[in-house]
Amino acid sequence: MAAPTPLLKDELDIVIPTIRNLDFLEMWRPFFQPYHLIIVQDGDPSKTIKVPDGFDYELYNRNDINKILGPKASCISFKDSACRCFGYMVSKKKYIFTIDDDCFVAKDPSGKEINALEQHIKNILSPSTPFFFNTLYDPFRDGADFVRGYPFSYREGVPTAVSHGLWLNIPDYDAPTQLVKPLERNTRYVDLVMTIPKGTLFPMCGMNLTFDRELIGPAMYFGLMGDGQPIGRYDDMWAGWCIKVICDHLGLGVKTGLPYIWHSKASNPFVNLKKEYKGIFWQEEIIPFFQSATFPKGCTTVQNCYIELSKQVKEKLGKLDPYFDKLADAMVTWIEAWDELNPAKGSSKLPNGSAK
């Protein structure tokens, strides 16, 4: 009997940022091999990155980024995992799953290996319920439904734009928390998926994440981080705050919870503190900024919303530090580059699997 075709096989790309050989893919082979990989090599472009045999992939380094984007390549971070968002831009598929190269296959409490990608696909293909909280969490999971008192007019839900997965073992902590809890490990497997309510922000982690790039891709910009910037390790969080306010405005959903991956190694807390230092202060201003961000009715596309957000970043956060003026300009450059590579939805109209 032939094996069943993997879900969304021709409609999803796996994006991996890396500076090292991708031996970790051996562990993921049963789950990832049918899919197309986009590998974004950070750091020295003359270094050769080895990819295990049998994977269908394309690899981009800094030279490729400069060649494809020209002067607009300035919006892609260097020496930071934020470089992964270049992969989102060049993909021609409807969905993106992104994972870090220190993330391994986790096991559920019964000892079974977790197919994280399959769970993400289930999340993204089922509706979200951001406007009214269901106390049984995700009503679209097998064995669950809407509880008594849940308005019938909300039960259809809205399209899910983002599925945010979690991690066992090394928690995704900031440097101060890492320093005071150096031995802490996450061993709690919580079997739930929930929609993050409208009006609620969350700290998005980019190491185990899936999104519908047709619905929210242009807002999935991981900012200007790393080399030459005063801040790092806020790339995924910046994107998370941007996508959440835009999803709220456009009536799209964000889910969090399952699937888990095994996060294998903790980064150095002292190095992290240096990268995060300004962000730890700035986030106290950034969060209220996003909490009060609104969009005019005329903002009906992700691009419109993102350009509007960039203006507000310049106007309100520019006073905090000149970095935010630079970031606001990079947000505009990112949208221009996105539209050049993805003209008027033309890319999404390509037949499935036509990207090589």
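The values are calculated or read from the model by the stated rules, or taken from the named source; none is laboratory data. The structure presented is a predicted model; accordingly, all values stated were derived computationally and were not measured. Note that each Cβ is placed from the backbone with ideal geometry, even for glycine, and that neighbours are counted across all protein chains shown. All accessible areas refer to the heavy atoms of the entire protein, side chains included, with ligands and DNA or RNA removed. Shrake-Rupley method; radii C 1.70, N 1.55, O 1.52, S 1.80 Å.
Condition test on I49, is it at pLDDT 95 or above, over 17 Å from the mean Cα position of the chain (by Cα) and under 24 Å from K265 (Cβ atoms)?
Working: at pLDDT 95 or above: yes; over 17 Å from the mean Cα position of the chain (by Cα): yes; under 24 Å from K265 (Cβ atoms): yes.
Yes: the conditions hold for I49.
For the condition touching a residue at least 12 places away in the same chain (Cβ under 8 Å) and buried (at least 18 other Cβ atoms within 10 Å of the Cβ), what is the one hit in I280, I286? Walk me through how you get there before you give the answer.
Working: I280 fails: buried (at least 18 other Cβ atoms within 10 Å of the Cβ).
I286 is the lone residue from the list that is touching a residue at least 12 places away in the same chain (Cβ under 8 Å) and buried (at least 18 other Cβ atoms within 10 Å of the Cβ).
Determine which single condition P52 fails, assuming it passes every other condition in (1) in contact with a helix residue (DSSP H, G or I) (Cβ under 6 Å, 6 or more places away or on another chain); (2) open to solvent by 40 Å² or more (accessible area, probe 1.4 Å).
P52 satisfies all of (1) in contact with a helix residue (DSSP H, G or I) (Cβ under 6 Å, 6 or more places away or on another chain); (2) open to solvent by 40 Å² or more (accessible area, probe 1.4 Å) except (2).
Please go through segment 284-338 and give me each residue that is of a type in the set (G, A, S) and under 28 Å from G87 (Cβ atoms), ordered by number.
The initial filter retains those residues of segment 284-338 that are of a type in the set (G, A, S), namely 292-293, 298, 310, 318, 328, 330, 337.
Listed by number, the residues that qualify are A293, S310, A328, A330, A337.
Could you pull out every one of the strands (runs of 3 or more DSSP E) wholly within segment 157-260 that has 2 or more residues that are farther than 26 Å from A293 by Cβ and touching a residue at least 24 places away in the same chain (Cβ under 8 Å)? Walk me through it before giving the result.
Values: elements: 160-169, 193-195, 208-212.
Ranges flagged: 160-169.
Please go through segment 291-342 and give me each residue that is acidic (D, E), within 20 Å of M225 (Cβ to Cβ) and crowded, with 17+ Cβ neighbours inside 10 Å, ordered by number. Steps first, answer last, please.
Going through segment 291-342, the residues acidic (D, E) turn out to be 308, 315, 321, 325, 329, 336, 339-340.
Then drop every residue that is not within 20 Å of M225 (Cβ to Cβ), which leaves 321, 325, 329, 336.
Those that are acidic (D, E), within 20 Å of M225 (Cβ to Cβ) and crowded, with 17+ Cβ neighbours inside 10 Å: none in segment 291-342.
Look at segment 101-143 and say how many of its residues are open to solvent by 20 Å² or more (accessible area, probe 1.4 Å), part of a helix (DSSP H, G or I) and either in contact with a strand residue (DSSP E or B) (Cβ under 6 Å, 6 or more places away or on another chain) or of a type outside the set (A, V, I, L, M) (or both).
Of the residues in that region, 3 qualify.
Can you pull out the residues in segment 281-312 that are among the hydroxyl-bearing types (S, T, Y) and either at pLDDT below 95 or farther than 19 Å from E214 by Cα (or both)? Talk me through it step by step, then tell me what you get.
Step one: list which residues in segment 281-312 are among the hydroxyl-bearing types (S, T, Y), which gives 292, 294, 300-301, 306, 310.
Once the filter is applied, which keeps residues that are among the hydroxyl-bearing types (S, T, Y) and either at pLDDT below 95 or farther than 19 Å from E214 by Cα (or both), segment 281-312 yields S292, T294, S310.
Being touching a Ser or Thr at 6+ places or on another chain (Cβ under 9 Å) and among the charged types (D, E, K, R) is the filter here; which residues of segment 317-342 pass it?
The answer is D329, and nothing else.
Take the residues of segment 144-156 that are part of a loop (DSSP other than H, G, I, E, B) and out of contact with any Phe, Trp or Tyr (no Cβ under 9 Å at 6 or more places or on another chain): which is farthest from L250 (Cα to Cα)? Steps first, answer last, please.
Going residue by residue through segment 144-156, those that are part of a loop (DSSP other than H, G, I, E, B) are 144-151, 155-156.
Right, trim to out of contact with any Phe, Trp or Tyr (no Cβ under 9 Å at 6 or more places or on another chain) and you get 145, 147-149, 156.
Values: D145: 25, V147: 26, R148: 28, G149: 26, E156: 16 Å.
Among those that are part of a loop (DSSP other than H, G, I, E, B) and out of contact with any Phe, Trp or Tyr (no Cβ under 9 Å at 6 or more places or on another chain), it is R148.
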